[in-house]
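Worksheet for the structure shown next.
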C-alpha cells in the first residue's frame, strides 16, 4: 500500500486517524502500532516476523545493556551482538544473492541464489533500530522499558518503509508524552497534501516521460538523440526528487497529525551549488546517520588527510551499497566519494569564487549524471545510455522526438524545474508580507480570511485533480520502496 493510493487516502488513513483521536492517550500508541503492523503486512505479510525479530532482539539487548550499568565490557558485548544481528539480517536478505551472482560471474561457478524477496523498508528500519542501541551504549538516550512502545517507534507506518530515518532520540519523549491538537492536525494535513501533490502531479507525470525516453534509448529503431537522453536524465532526476521528497513530506505531515515531530529530510537539494552542498540537502537523515555512526567513529577528519580520505571512501562505498545490491549503486557511491574528496582538497575554493550560476550548473551536471548511474542496475544499459548522453552512441544531436517531448510537456517541465528551487517559501513570504501591509486597504483579519479561503480552495482543487489522476492512471510507483 502506498500513500498515494485510493485505499490509503480514503480508507486506511481516515480510519486510523478517527480511532487514534477517539481513544485516550494511553491507548494511542497501541492503535498506532496495530495500524502500522497492518500497513506493513498489507504488502509483506511474512516479513513482518523479521521486523518483530529485529525489534525484539534489540529491545532485549538494550535492556541487558541498561542492566550492565557502567560495565563497559558487557555493554560493548551487547552492542556488538545487536549490530551483528541487525547487519546479518540486512546482509542476508539484501546482499546474499548479489554476492552469489558476483562470485558466479567472477569464477564461473554455478552456485544457486536463494531467490529471496527483499523485505520492504528493511534498510530504513534496520538503521533506525541500530541507532537506538548505539545511542543507548553511548548513554545518549534512556532505555525503553515498554517493548510495544519500542515496536511502535520502529514500525510507525508514516516512515516505516521509505524513511526518513527517524532516530529514537528524536521521538523518545513523544512516545510517552506528546501534544496532539487541532493546530498540529491542520499543519500536518497541509504538509501531507503538499507531498501528495508533488508525488501525483509532478513525480508521476514527469516519470512517465522518463519511461518513454528510456524505452526509446533501447529500441531497435532508436528514436533517441543526445539532447533527448539529457532530457530523460533530467526527467528522472526530477521524478526521483519529487517522489522521495514527497514521501518525506507525507511522512512528516502524518507524524505531525499523530503528535510526532520528524526532522526534515530534504532542503531543496536541486538548488545546490556544489556536491558538498547537495549532500547537505538530499536525504539528510541518511547523510547524518552515516556521519554520526560511521564517519566520526572512524576518526572523521581528525587524523590527517589520508585517514580522512579513507573514511570518506568507506562512508560513500557503504552509502552506495546501502541503496541496493548492484554494482551501479557501488559505482554511484564511489562517484560521489571521489567528487567530494576533490571538492574538499583540490577545486573547492576555486569553485566558490565562480559566479553562482556557474556553481549551480556545475552541481546540476554532476547530480544529473549521478542519477543516470543510479537508475540503471544493468551495467551494459548504463554504458549505452551514458555513451548516448556524451555523443558516442551514434545518434543525432537532436531529432523530431525531442521537439515532441518538449511541445507536449513544456509547462510540466518548467513547473517541475521551478518548484525544485525554493520558490514556495518566497511566495509564502510575499503573501504574508502582503497580508501584513494591506491593512490600509482592508482590515488585517479580513485579508487573512481572504488568503485562507484562497488556500483552502487551492488545496481542494489540487486534491480533486490528484484524485482524478490516481483513479485514471496506473503509473504510480514509489521508487524508494526498492531500498
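Tell me, please, whether a residue that is surrounded by 12 or more Cβ atoms within 10 Å (Cβ to Cβ) and closer than 18 Å to residue 251 by Cβ can be found in the range 60-72.
No.
What is the one condition in (1) surrounded by fewer than 24 Cβ atoms within 10 Å (Cβ to Cβ); (2) within 19 Å of residue 286 (Cα to Cα) that residue 223 does not satisfy?
Every listed condition holds for residue 223 apart from (2).
Being in the same structural domain as residue 51 (by TED's automatic domain parsing) and either touching a helix residue (DSSP H, G or I) at 6+ places or on another chain (Cβ under 8 Å) or not in a helix (DSSP H, G or I) (or both) is the requirement here; does residue 98 meet it?
Answer is no for this residue.
Identify, please: which residue in the range 138-161 is crowded, with 24+ Cβ neighbours inside 10 Å and within 12 Å of the chain's Cα centre (by Cα) and is, among those, modelled with the lowest pLDDT?
161
Quick test for you: out of 303, 239, 308, pick the one residue that is at pLDDT 95 or above and outside the structural domain of residue 174 (by TED's automatic domain parsing).
239
Matching residues to (1) under 30 Å from residue 198 (Cβ atoms); (2) part of a helix (DSSP H, G or I); (3) not assigned by TED's automatic domain parsing to the domain that holds residue 219:
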| residue | (1), (2), (3) |
| --- | --- |
| 343 | yes, yes, yes |
| 349 | no, yes, yes |
| 363 | yes, yes, yes |
| 384 | no, yes, yes |
| 395 | no, no, no |
| 407 | yes, yes, no |
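Take the conditions in a helix (DSSP H, G or I) and at pLDDT 85 or above and apply them to residue 438. Does it pass?
So residue 438 fails the test.
Taking the condition of being out of contact with any helix residue (DSSP H, G or I) (no Cβ under 9 Å at 6 or more places or on another chain) and not in a loop (DSSP other than H, G, I, E, B), how many residues in the range 298-310 meet it?
Count: 1.
Evaluate the following for residue 64: is it closer than 22 Å to residue 173 by Cα and more than 25 Å from the chain's Cα centre (by Cα)?
yes
Determine whether the range 242-261 contains at least one residue that is at pLDDT 95 or above and within 30 Å of residue 353 (Cα to Cα).
Within the range 242-261, none of the residues are at pLDDT 95 or above and within 30 Å of residue 353 (Cα to Cα).
Of all residues in the range 270-282, which are surrounded by fewer than 20 Cβ atoms within 10 Å (Cβ to Cβ) and touching a residue at least 40 places away in the same chain (Cβ under 8 Å)? So that I can check it myself, show each step before the final result.
Within the range 270-282, the first condition is being surrounded by fewer than 20 Cβ atoms within 10 Å (Cβ to Cβ), and the residues that meet it are 271, 273, 276-277, 280-281.
Residues satisfying the conditions are 271, 273, 276, 277.
Mind checking which residues of the range 33-47 are assigned to a helix (DSSP H, G or I) and crowded, with 17+ Cβ neighbours inside 10 Å?
Listed by number, the residues that qualify are 33, 35, 36, 37, 39, 40.
Given the criteria over 27 Å from residue 158 (Cβ atoms) and surrounded by 16 or more Cβ atoms within 10 Å (Cβ to Cβ), does residue 350 qualify?
The answer is no for residue 350.
State the number of residues belonging to the range 288-310 that are farther than 17 Å from residue 134 by Cα and surrounded by fewer than 19 Cβ atoms within 10 Å (Cβ to Cβ).
Going through the range 288-310 one residue at a time, the tally reaches 10.
Report whether or not residue 324 is surrounded by 20 or more Cβ atoms within 10 Å (Cβ to Cβ), at pLDDT below 95, under 27 Å from residue 160 (Cα atoms) and within 21 Å of the chain's Cα centre (by Cα). Spell out the reasoning first.
Numbers: surrounded by 20 or more Cβ atoms within 10 Å (Cβ to Cβ): yes; at pLDDT below 95: yes; under 27 Å from residue 160 (Cα atoms): yes; within 21 Å of the chain's Cα centre (by Cα): yes.
Yes: the conditions hold for residue 324.
Cβ-Cβ under 7 Å, sequence separation 6+ or interchain: first residue in the range 58-87 and on the phi > 0 side of the Ramachandran plot, partner part of a helix (DSSP H, G or I). Which pairs?
Matching pairs, first to second residue: none at all.
State the number of residues belonging to the range 246-277 that are part of a loop (DSSP other than H, G, I, E, B) and under 25 Å from residue 25 (Cα atoms).
Here is the first cut: in the range 246-277, the ones part of a loop (DSSP other than H, G, I, E, B) are 258-268, 272-274.
Add one more test, that the residue is under 25 Å from residue 25 (Cα atoms), and what stays is 258-263.
Result for the range 246-277: 6.
In this structure, is residue 120 assigned to a helix (DSSP H, G or I) and either surrounded by 17 or more Cβ atoms within 10 Å (Cβ to Cβ) or free of Cβ contacts under 8 Å to residues at least 40 places away in the same chain (or both)?
Considered against the rule, which asks whether it is assigned to a helix (DSSP H, G or I) and either surrounded by 17 or more Cβ atoms within 10 Å (Cβ to Cβ) or free of Cβ contacts under 8 Å to residues at least 40 places away in the same chain (or both), residue 120 comes out as no.
So which residues in the range 64-84 are in contact with a helix residue (DSSP H, G or I) (Cβ under 9 Å, 6 or more places away or on another chain) and farther than 13 Å from residue 134 by Cα?
64, 67, 68, 69, 74
So that you can scan it fast, the table gives a plain yes or no per residue for (1) at pLDDT below 90; (2) surrounded by fewer than 13 Cβ atoms within 10 Å (Cβ to Cβ); (3) in a helix (DSSP H, G or I):
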| site | (1), (2), (3) |
| --- | --- |
| 374 | no, no, yes |
| 388 | no, no, yes |
| 451 | yes, no, yes |
| 471 | yes, yes, yes |
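Restricting the range 178-197 to residues that are free of Cβ contacts under 8 Å to residues at least 60 places away in the same chain and part of a helix (DSSP H, G or I), which is farthest from residue 419 (Cα to Cα)?
182
The values are calculated or read from the model by the stated rules, or taken from the named source; none is laboratory data. The shown structure was predicted, so the numbers you read here are calculated from the model rather than taken from an experiment. Methodologically, a virtual Cβ is constructed for each residue, glycine included, from the backbone with ideal geometry; neighbour enumeration extends over all protein chains shown.
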